[in-house]
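The values are calculated or read from the model by the stated rules, or taken from the named source; none is laboratory data. All figures in this text were calculated on a predicted structure; none of them were measured in a lab. In this analysis, Cβ positions are derived from the backbone assuming ideal geometry, glycine residues included, and neighbour counts consider all displayed protein chains. Areas reflect the complete protein model, heavy atoms only, side chains present, ligands, DNA and RNA absent. Shrake-Rupley method; radii C 1.70, N 1.55, O 1.52, S 1.80 Å.
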Amino acid sequence: MANRLPDISDKHKVCIICEGNEEYKYLERLNCLHVWNDIYDISLVNAEGNGNIPARYQDRYQNGAYEVVLVFCDTEKKPYEQYEDIKRKINEFHGVDNAADEVVIFGNPCTMQIVSKHWTDEIIKRPAKATNAPLIEKYTGVKGYKGRADQIDKVMESIGVDNYNDMKERIVKMPQDDHVDGSSNFSKLFGKLETSDVQWMNRINDNIEGLEDKKE
């Protein structure tokens, strides 16, 4: 029997560092729905806490196995200390003042701000799960949402291709300033992952490596 050569994928490798279970499961669900362009091979990493994001990001970036590495997290509430710390460490790692602005995808104040847009225009103003539990129950049937694994899985079952498009329409109308309550730049993520033009990865890498400034 002839030796079988390993499969070599010609897909473009994208790594996304997810803050925790909600972020990981949400992107996993979208990936499974095949709403993004099939030219991308997307690897998701659960950082298991926002404090672990910078180290996970640096590790995957230095690994060299991916064409681009992104971060998906929430801002929590003002004064956004932990969120700002994540951005600062990413900037320091690259030695570029605005590197984090290129790679961080956020929901203010929480990721449920994005998830809920599959069903409603209502703006989430506080990250507390107890506060948002009635909203989640209304649209998903999940009672007393506390972010347990089984509850997250049940919420994700309510996400489909049709309401993915509803989410996109709502998200593009939201402010993208991460210091504004009810904001998100999630449209940057699906805008990139739906396109077949992969130059966006080169532009991000040029910017975080300071190459764009050098060209000028």
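Anything in segment 102-129 that is closer than 20 Å to residue 49 by Cβ and not in a loop (DSSP other than H, G, I, E, B)? List them, or say none.
103, 104, 105, 106, 107, 112, 113, 114, 115, 129
Taking the conditions exactly as written (free of Cβ contacts under 8 Å to residues at least 24 places away in the same chain, within 19 Å of the chain's Cα centre (by Cα) and open to solvent by less than 70 Å² (accessible area, probe 1.4 Å)), does residue 173 satisfy them or not?
Judged against the criteria, residue 173 is not a match.
Please specify each residue of segment 7-36 satisfying the condition of being more than 21 Å from residue 158 (Cα to Cα), within 16 Å of the chain's Cα centre (by Cα) and surrounded by fewer than 20 Cβ atoms within 10 Å (Cβ to Cβ). Don't jump to the end; show me each part of the working.
Restricting attention to segment 7-36, the residues satisfying the condition of being more than 21 Å from residue 158 (Cα to Cα) are 7-17, 19.
Still in the running and within 16 Å of the chain's Cα centre (by Cα): 13-17, 19.
Within segment 7-36, 13 is the sole residue that qualifies.
Among the listed residues 89, 77, 154, which satisfies the condition of being in a loop (DSSP other than H, G, I, E, B) and either surrounded by 22 or more Cβ atoms within 10 Å (Cβ to Cβ) or not acidic (Asp, Glu) (or both)? Before the answer, list the steps.
Numbers: 89 fails: in a loop (DSSP other than H, G, I, E, B); 154 fails: in a loop (DSSP other than H, G, I, E, B).
None of the other options fit; the residue is 77.
Where the second residue is part of a loop (DSSP other than H, G, I, E, B) and open to solvent by 30 Å² or more (accessible area, probe 1.4 Å) and the first is over 16 Å from residue 10 (Cα atoms) and lies in segment 192-203, which pairs have Cβ atoms under 6 Å and are six or more apart or on separate chains?
194/37
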